[in-house]
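I have placed the structure first, in the form of structure tokens, so that the comments after it can refer back to it.
The values are calculated or read from the model by the stated rules, or taken from the named source; none is laboratory data. Given the structure is predicted, the values throughout are model-derived calculations rather than measurements. FYI the Cβ positions are ideal-geometry reconstructions off the backbone, even for glycines, and counts take in every protein chain you see. Each accessible area value is taken on the protein alone, full model and side chains, heavy atoms only, with ligands, DNA and RNA left out. Shrake-Rupley method; radii C 1.70, N 1.55, O 1.52, S 1.80 Å.
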Amino acid sequence: MNATEPHILTIFGASGDLTKRKLIPALFKLYQQKHLPEQFYILGIGRTENTDDNFRKKMAGWIDKQDEFPQQKQDFLKLLFYEPLDTGNPDAYIKQKNRLDELRAQSDIPENYIYYLATPPVLYEKVAQGLAIAGINKDEADKSWKRIIIEKPFGVDYESAKNLNKRLLCYFAEDQIYRIDHYLGKETVQNVLVTRFANGIFEPLWNRNYIHHVEITSAEDLGVEERGGYYDNAGALRDMVQNHLLQLVGLIAMEPPILAESTAIRNETMKVFQSLRPIKEEEVSKYVIRGQYTSCKVKGEKVPGYRDEEGVAKDSRTETYVALKFFIDNWRWSGIPFYIRSGKRLPTKVTEIVIHFKKSPHHIFSHQYEQMNTQNQLVIRVQPDEGLLIKFGMKEPGVGFKVKTANMDVHYSDFSKGRISEAYERLLLDCMQGDSTLYIRGDAVEEAWKFVQPILNAWKNQPDIPVYGYPAGTWGPEHADSLIEEPDLTWRYPCKNLSNDGEYCEL
Ligand code: BG6
């Protein structure tokens, strides 16, 4: 692990949801585990007028659950400061520079700064520009560094992402820019690399000769909650697939990097994105299914349909579910279908990657019994109940050779000594240590947008492509089953539908 040098972390959007729900609790955990440097401060910046004391009081509420460590909590809160600033005005940032200078003087901290942009995306460029005008954007060789963390969404399409990259690069160098995707901070996602590249048994099978298809599911049982306004302009493809799910594809499909190191790993994921076979606009209905949840009873309680959620247009055609089939055109994966799906108001919250292996080539037991109907599967459970599951055939005890599917199941909780860290803890610490391995490079973000762009275009230009209504609490539109063309194959359903009385319909 690299050393964490003294620095000041500025959070833009300090009054926002992400700061209180994720960033401050993650920073407190890092503090408790003594990962933060001795000389360290957090400067919250927002448009709202506030004082250091009030900011501390507000944040205290979000780390309250840690009652067992009241002293630690008080000490941590002393590291927090607040500066109100008109973030939309690039000339106002001189105020921030002055405040940073003042804080540095208190603890003799060099000009090492991290800027976390937890703001609405419209401000990304303005903040970067403001920091440049105030002269606090450049590294000084061997003396100090500056890093900027950009939250998602990084653009809303290919053009805007490209443009945003271009604009940010006017003020910061690529190696100063940390584009966050919190999925890469999840322990089990990083474990994909370890499973593949620290073992000898998987990699020889990890290719078109032995793998039948790959399936990735990210399901959520909640609806859009209070984020209807944002979500209605985004939809599942932008919100989950372009970033989180394609990052998972990158790790699953990449060639072995020469080292577990930023450039090597990011070069390999980039190659995967470059090999994604584009889905042509005219083929979108064949390869992509979109859906939207409708009102239904879930566990005895009626939940609203998407169009009844606050902030959502009554005639919205935004997808809350998307499933797609695609191919990766390279030596390893030629001809192997990848299926990915993500949706809200599905029966449960689960993210998992399933590697479906091909059947054994010759069934020597089938003359006596029905051939076992399960193909070997490796299930990587990203969340919850993090772990790995291998499904394989075993002889049922007794006469003859009756084959049954058995599970070899490893739970991450049995494996880790304590709690599993939250994604933001890992990612913040990595940035503090200058390690960008789990952050996304500019070219990779653009490449991922390039892949989803024809789908967005088709939905815009061909409004008659159906949006299928699915009752809340079910596994999404039944049409998604037709993506998997083989008759005896379906998606893996980790649990059953929770609603039986809703209607599937075309919206
Ligand atoms: C966010 C999306 O990026 O990821 C949300 O904007 C989604 O809509 C969330 O709910 C899912 O993250 P996780 O870690 O709960 O799977």
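Dividing the summed helix terms, -39500 (n - 2.57) for each DSSP H run of n ≥ 4, by the number of residues in the chain produces a 222 nm estimate of -8000 deg cm²/dmol to the nearest 500. Label reach from Gln274 (point 7 Å along Cα→C-beta): in segment 430-468, amide nitrogens under 18 Å belong to 440-452.
Shape class of segment 323-458 from the alpha-carbon gyration tensor: oblate, with a/c at 1.5 or above and b/c at least as large as a/b.
When you restrict to C-alpha pairs under 8 Å that are six or more residues apart and normalise by the size of segment 263-358, the relative contact order lands at 24 percent.
Across the accessible surface of segment 10-104, with the other protein chains kept in place and a 1.4 Å probe, carbon and sulfur atoms take up 48 percent.
Counting heavy atoms of the protein chains only and a 1.4 Å probe, report the per residue accessible area for the chain as a whole number of Å².
46 Å²
Please tell me which of these pairs span more than 18 angstrom C-alpha to C-alpha: Lys22/Lys57; Lys20/Lys344; Lys29/Lys143; Lys166/Lys450? Intermediate values should be presented prior to the final figure.
Values: Lys22/Lys57 16 Å; Lys20/Lys344 24 Å; Lys29/Lys143 29 Å; Lys166/Lys450 16 Å.
Over 18 Å Cα-Cα: Lys20/Lys344; Lys29/Lys143.
Take the Cα of Asn267, step 7 Å toward its Cβ, do the same at Lys496, and the gap between the two points is 5.2 nm.
Only protein atoms count toward the accessible area here, which uses a 1.4 Å probe; on segment 155-230, the carbon and sulfur part of that area reaches 54 percent. Work out the charge dipole of the chain with +1 on the Cβ of Lys and Arg and -1 on the Cβ of Asp and Glu about the Cα centre, then indicate which of Ser160, Ile45, Asn98 is farthest towards its positive end. In the chain, that residue is Ser160. With each label modelled as a point 7 angstrom along the Cα→C-beta vector, the Ser285-Glu301 pair spans 3.9 nm.
Want the number for Asp108 to Phe327: 0.36 nm per residue separation, take away the alpha-carbon distance, what's left? Intermediate results must be reported in sequence, preceding the final value.
Details: separation 219, 0.36 × 219 = 78.84 nm, distance 5.40 nm.
Answer, rounded to one decimal: 73.4 nm.
Please work out the Cα center distance from segment 202-230 to segment 434-507, rounded to the nearest Å. Result: 10 Å between the Cα centres.
Can you list the aspartates and glutamates whose alpha carbon is less than 13 Å from that of Lys391, not counting same-chain residues fewer than 8 positions off? Straight-line reach from Lys391, under 13 Å: Asp409.
Of the residues Gly185, Gly229, Ala198, the one whose Cα sits farthest toward the positive end of the charge dipole of segment 168-293, with +1 on the Cβ of Lys and Arg and -1 on the Cβ of Asp and Glu, is Ala198.
Could you give the size of the charge dipole of the chain about its Cα centre, using +1 on the Cβ of each K and R and -1 on the Cβ of each D and E, expressed in debye and rounded to the nearest 20? Display every interim value, and only then the final one.
On the way: 64 positive and 72 negative charges, 110 e Å.
Using only the charged Cβ atoms, the result is roughly 520 debye.
Computed from the Cβ-Cβ distance with R0 of 35 Å, the FRET efficiency linking Glu159 to Arg419 stands at 0.25.
Counting other Cβ atoms within 10 Å, which GluC sites (Glu not before Pro) in segment 472-507 have at most 14 and lie in a DSSP loop? Mind dumping the intermediate values first?
Values: sites: Glu478, Glu485, Glu503, Glu506; in loops: Glu485, Glu503.
Within segment 472-507, the qualifying GluC sites (Glu not before Pro) (loop, at most 14 other Cβ atoms within 10 Å) are Glu485, Glu503.
Modelled label positions at Ala173 and Phe69, each set 7 Å beyond Cα in the direction of Cβ, lie 3.6 nm from each other.
Quick one: if the Förster radius is 25 Å, what FRET efficiency do Asn209 and Asn407 give, using the C-beta to C-beta distance and rounding to 0.05? Could you put the intermediate results ahead of the total?
On the way: r = 25 Å, r/R0 = 0.99.
After rounding, the FRET efficiency stands at 0.50.
On segment 253-336, 52 percent of the accessible area sits on carbon and sulfur atoms, based on a 1.4 Å probe. From the alpha carbon centroid of segment 246-293 to that of segment 92-170 is 29 Å.
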